[in-house]
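A short worksheet on the structure shown next.
The values are calculated or read from the model by the stated rules, or taken from the named source; none is laboratory data. Note that the structure is predicted; figures quoted are calculated from it, not measured. Because the Cβ atoms are built from the backbone with ideal geometry, glycine has one as well, and the counts that use them run over all protein chains shown.
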């Protein structure tokens with residue numbers, strides 16, 4: 001919060017932040033940021049690509065002016081789809097090009113938009129709405145915290161994601177020694193061990209990220225730890 005507030009001036013018009021940071025799965029304090037902006041002319045625009053479907057999201061309770069999320073990540077919908085929330089008092093200030101023909105997914109100006117993908121996103125959302133969301137959150141965070149604890153025991157790597165708590169999302173990122181290439185290890189995990197992880201460009205940081213969702217289980221975490229111990233030995 002101190003870092004954000006220190007950068008705000010009376011000339012600041014937009015504060016654009018992630019709800020959950022993609023590199024490390026850090027949950028940012030959106031409600032507190034919204035409170036800090038209250039009474040100013042600054043819009044709070046939130047990128048929720050790694051949040052919706054992973055952690056509870058209530059856009060009105062967050063207090064942001066705009067919230068955008070992708071459909072193909074935690075919501076498990078088609079690629080090329082997404083959702084946008086605009087608060088009523090900000091709708092006149094934010095004019096997305098795609099909405100020039102109206103604020104519905106299908107309008108007279110729909111043009112070449114991928115309607116089958118939009119229908120597919122609707123099906124994914126129906127599936128998501130059928131879940132017990134509290135149970136899902138407990139499950140994915142339980143797996144995440146298990147992965148966090150187990151990764152902390154693996155020599156040669158350092159976990160850079162937040163510890164269990166309010167700043168944690170169901171993702172855990174760990175840094176490799178500089179002598180190891182994260183792309184090579186990612187490929188080995190996928191081809192040899194059939195484990196999928198996310199890598200980051202080496203010029204940013206030499207890390208891999210684990211994401212735990214409803215289709216994962218404790219055995220997957222155990223297999224990851226065993227594979228890492230084998231490949232790093």
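Is there any pair with a first residue in region 158-183 that is farther than 18 Å from residue 48 by Cα and outside the structural domain of residue 213 (by TED's automatic domain parsing) and a second that is at pLDDT 95 or above and surrounded by fewer than 13 Cβ atoms within 10 Å (Cβ to Cβ) whose Cβ atoms are under 9 Å apart and which are 6 or more apart or on different chains, and what are they? Within 9 Å, no pair qualifies. Taken as a whole, the structure leaves residue 137 outside the set of residues that are exposed (fewer than 11 other Cβ atoms within 10 Å of the Cβ) and closer than 18 Å to residue 55 by Cβ. Entry remark, region 195-219: residues being outside any loop (DSSP other than H, G, I, E, B) and in contact with a strand residue (DSSP E or B) (Cβ under 9 Å, 6 or more places away or on another chain) number 7 in total.
Under the condition of being more than 14 Å from the chain's Cα centre (by Cα) and surrounded by fewer than 18 Cβ atoms within 10 Å (Cβ to Cβ), which residue from region 72-82 is farthest from residue 17 (Cα to Cα)?
The selected residue is 78.
Within region 182-194, the residues that satisfy the criterion of being touching a helix residue (DSSP H, G or I) at 6+ places or on another chain (Cβ under 9 Å) and either part of a strand (DSSP E or B) or surrounded by fewer than 18 Cβ atoms within 10 Å (Cβ to Cβ) (or both) are 188, 192, 193, 194. Is it the case that some residue within region 73-80 is assigned by TED's automatic domain parsing to the domain that holds residue 21 and either closer than 22 Å to residue 34 by Cα or in a strand (DSSP E or B) (or both)? No - not one qualifying residue is present in region 73-80.
Taking the numbered list (1) more than 19 Å from the chain's Cα centre (by Cα); (2) at pLDDT 95 or above in turn, residue 155 passes all entries but (2). The residues of region 5-32 that are touching a residue at least 12 places away in the same chain (Cβ under 8 Å) and more than 30 Å from residue 197 (Cβ to Cβ), listed by number, are 5, 8, 10, 12, 13, 14, 15, 31, 32. When the residues of region 170-180 are narrowed to those that are assigned to a loop (DSSP other than H, G, I, E, B) and either over 17 Å from residue 229 (Cα atoms) or at pLDDT below 95 (or both), which ends up farthest from the chain's Cα centre (by Cα)? So the residue we want is 179.
Residues that are modelled with pLDDT under 80, surrounded by 12 or more Cβ atoms within 10 Å (Cβ to Cβ) and in a helix (DSSP H, G or I) within region 90-122 comprise 98, 99, listed in sequence order.
Consider region 124-133. How many of its residues are touching a residue at least 24 places away in the same chain (Cβ under 8 Å) and either touching a helix residue (DSSP H, G or I) at 6+ places or on another chain (Cβ under 6 Å) or in a helix (DSSP H, G or I) (or both)?
Qualifying residue count, region 124-133: 5.
So is residue 163 in a loop (DSSP other than H, G, I, E, B), farther than 17 Å from residue 73 by Cβ and modelled with pLDDT of 95 or more or not?
Yes: the conditions hold for residue 163.
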